[in-house]
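Structure first, commentary second.
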Amino acid sequence: MSANLTLLHDGRSDVIAVADPAHPVISPEHLESTLGWKLQPEGLCRGLVCVPVDQDALVAGDGLDLRVLAGALQRPLVTDEKHAVAALGASHHDRGEALASLEAPDFTLPDLDGNLHSLSDQRGKKVLLVAYASW
């Protein structure tokens, strides 16, 4: 029996079929179409980059263990079995580059009148962000 798992990654969300959301296993086809990686004899490859991986630990039945995959790519993985959601975070290298740039990621939010404003519209200006939560 399979279930759908929503995989959040790289600013996207994709729904993939898994046997058990508590222990997500991704098919090789979804690995390539969703994350852009392909399992080769030399490891996980995307373009000219290959990451060595213990294939005995990675391969689980007909698929690839998402937890082992995340570890091999040095990306944090958080799963919520109840809601069938998994979030694959950015690697420490990518997060470090973002921090070093001193540029906040872009986002868009409405003002009190419903007009949308993006942080990228303010690039080059000084901006004060005020956040409030009622909890």
Any hit, segment 118-129, residues being basic (K, R), at pLDDT 90 or above, farther than 16 Å from P28 by Cα and not in a strand (DSSP E or B): no
All positions within segment 97-135 that are over 17 Å from G11 (Cα atoms), surrounded by 11 or more Cβ atoms within 10 Å (Cβ to Cβ) and not basic (K, R): H117, D121, Q122
All positions within segment 21-52 that are in contact (Cβ under 8 Å) with a residue 60 or more places away in the chain and either out of contact with any helix residue (DSSP H, G or I) (no Cβ under 6 Å at 6 or more places or on another chain) or exposed (fewer than 12 other Cβ atoms within 10 Å of the Cβ) (or both): P21
Among the candidates D94, D106, residue that is assigned to a loop (DSSP other than H, G, I, E, B) and either more than 16 Å from L31 (Cα to Cα) or in contact (Cβ under 8 Å) with a residue 12 or more places away in the chain (or both): D106
So G61, is it under 30 Å from E29 (Cβ atoms), in contact with a strand residue (DSSP E or B) (Cβ under 9 Å, 6 or more places away or on another chain), surrounded by fewer than 14 Cβ atoms within 10 Å (Cβ to Cβ) and not basic (K, R): yes
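The values are calculated or read from the model by the stated rules, or taken from the named source; none is laboratory data. None of the values given here were measured: they were computed from a predicted structure. Cβ atoms come from the backbone with ideal geometry, glycine included; neighbour counts cover every protein chain shown.
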